[in-house]
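Step one of this worksheet: look at the structure below.
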Amino acid sequence: MDLQPCHVKGVFVSVSEGGAAAPTVILEVEGGDCIPIFIGLYEAISIRNALQKEVLPRPITHDLFVEALSRFGIRVTALHIDALEENVFYAKLIARSNGSEELIDCRPSDGIAIALRCHAPILVDGSVISTASQPKEKLPRLEDLDRII
C-alpha cells in the first residue's frame, strides 16, 4: 500500500451549478492537489470544531469516542483512507494498545474527526489520490461552512 500524508484544508459547503449544496471536507495532498469528500453536516461541524480546537461544554460523539479510547489506554496512531469504490471512500483507523495494533473500519468523515482530535496523521493510498485528486481550480464552488450553520 502506497500511503501518502495529507492534511485537512478545511470544511466547506460545495455548491453545484444547479444550486444543490453538500458539506465537503477538502484534503490537500503533496503537490497542492485536493481531494473533495462529501460528508454529512454533523461530521462537517465536528471536523470544523476539531480544526478550530473548539471545545463544547458537553462532549459530542467524536469527543466521547476519543475520551473512551484514552481511558482504556488505546491510542489512535493514524487514519488510512485506503479505497475508493463507486464514488464511496473507505478508511481505517489504526489504533494501538498494549503493543497490539488494530485496524478499525470507519467512514472517512468520522475517521478525520477522530484523527484530528488525536493529532494522528491522515494518510491516503496513492491509488485513491490518482483517482480522486484534482487541482484546486477544478474544485466545485466552495462556501465557508460557518456561513451556512
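Read-outs: derived from the displayed coordinates by stated rules, not from any lab. These numbers come from a predicted model, not from an experiment. Cβ sites come from the backbone with ideal geometry, for glycine too, and all protein chains shown count toward neighbours.
Scalar couplings 3J(HN,Hα) for region 133-142, obtained by applying the Karplus form with A = 6.51, B = -1.76, C = 1.60 to θ = phi - 60°, are 7, 8, x, 3, 5, 9, 5, x, 5, 10 Hz; x denotes Gly and Pro. Per-residue extension of 0.36 nm, minus the Cα-Cα distance of residue 144 and residue 20, leaves a gain of 43.1 nm for this segment. In the chain, helical runs assigned H by DSSP with n ≥ 4 each contribute -39500 (n - 2.57); averaged across all residues and rounded to the nearest 500, the mean residue ellipticity at 222 nm is -8500 deg cm²/dmol. Measure nothing but the geometry: give the 0 to 90° angle between the long axis through the Cα atoms of 61-71 and the longest principal axis through the Cα atoms of the chain, rounded to 10°. So the helix axis and the longest Cα principal axis differ by about 30 degrees. Building the convex hull from the alpha-carbon atoms of region 1-124 and averaging its projection over directions returns 8.8 nm². If I stretch the segment between residue 77 and residue 64 completely, what's the gain in nm (0.36 nm per residue apart, minus their alpha carbon distance), one decimal? Going from the current span to full extension adds 2.9 nm.
At 0.36 nm per residue, minus the direct Cα-Cα distance, what do residue 136 and residue 98 gain on full extension? Give it in nm, one decimal, please.
Gain in length upon complete extension: 9.5 nm.
Working note: Cα atoms of region 1-47, range along each principal axis, descending, whole Å: 35, 25, 18.
For residue 83, the amide hydrogen comes within under 5 Å of the amide hydrogens of 90, counting only partners 5 or more places away or on other chains and with H modelled in the peptide plane.
Kindly count the pairs of lysines across the chain whose alpha carbons are less than 22 Å apart, treating pairs on different chains or eight or more residues apart as eligible.
Working: 9/53; 9/92; 9/136; 9/138.
Close lysine pairs found across the chain: 4.
When the charge dipole of region 3-148 is built from unit charges on Cβ atoms (+1 for Lys and Arg, -1 for Asp and Glu) and taken about the Cα centre, the candidate among 38, 104, 51 whose Cα reaches farthest toward its positive end is 51.
DSSP beta bridges confined to region 3-148 are antiparallel in about 95 percent of cases. Note on 38, 72, 65, 89: ascending count of other Cβ atoms within 10 Å places them as 72, 38, 65, 89, the fewest first. Listed values for region 47-58 are Karplus-derived 3J(HN,Hα) couplings in whole Hz (6.51 cos²θ - 1.76 cosθ + 1.60, θ = phi - 60°), namely 5, 4, 4, 5, 4, 8, 6, 7, 10, 7, x, 10, and x replaces Gly and Pro.
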